[in-house]
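The values are calculated or read from the model by the stated rules, or taken from the named source; none is laboratory data. Worth saying up front: this structure is predicted, and the values here are computed from it rather than measured. Glycine also receives a Cβ, built like all others from the backbone with ideal geometry; neighbour counts cover every protein chain displayed. Remember, those area values only see protein heavy atoms, side chains included, never the ligands or the DNA or RNA. Shrake-Rupley method; radii C 1.70, N 1.55, O 1.52, S 1.80 Å.
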Amino acid sequence: MREAIEASSVLQIDDENPDIVIAIGGDGTLMSAFHKYFDQIDHIGFVGIHTGQLGFFILGMN
């Protein structure tokens, strides 16, 4: 996925101020993404792509 984004003329990777975060993994991966961008959480969209066996932890969002 990273290679496709880097090859795109429209998309770009911004690790400091992303508009969207795509977390590929399980609950821990998604929670790590929330933690990393906690100070910007109101301005970032999060997409979780589950690759584990159980399922994503569900957060109540307002």
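Taking the condition of a type in the set (A, V, I, L, M) and modelled with pLDDT under 95, does Ile20 pass?
Numbers: of a type in the set (A, V, I, L, M): yes; modelled with pLDDT under 95: no.
Here the answer is no, as Ile20 does not meet what is asked.
Name every residue in the range 3-13 that is over 19 Å from Tyr37 (Cα atoms), of a type outside the set (A, V, I, L, M) and open to solvent by 70 Å² or more (accessible area, probe 1.4 Å), in order of residue number. Outline the logic, then answer.
First, the residues of the range 3-13 that are over 19 Å from Tyr37 (Cα atoms): 3-11.
The next check asks that each one be of a type outside the set (A, V, I, L, M); those that pass are 3, 6, 8-9.
If the condition is that a residue be over 19 Å from Tyr37 (Cα atoms), of a type outside the set (A, V, I, L, M) and open to solvent by 70 Å² or more (accessible area, probe 1.4 Å), then Glu3, Glu6, Ser9 are the ones that fit.
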Please go through the range 30-48 and give me each residue that is open to solvent by less than 60 Å² (accessible area, probe 1.4 Å) and without any contact (Cβ under 8 Å) to a residue 12 or more places away in the chain, ordered by number. Ile41
Filtering the range 14-29 down to residues that are outside any loop (DSSP other than H, G, I, E, B) and among the small types (Gly, Ala, Ser), which residue is surrounded by the most Cβ atoms within 10 Å (Cβ to Cβ)? Ala23
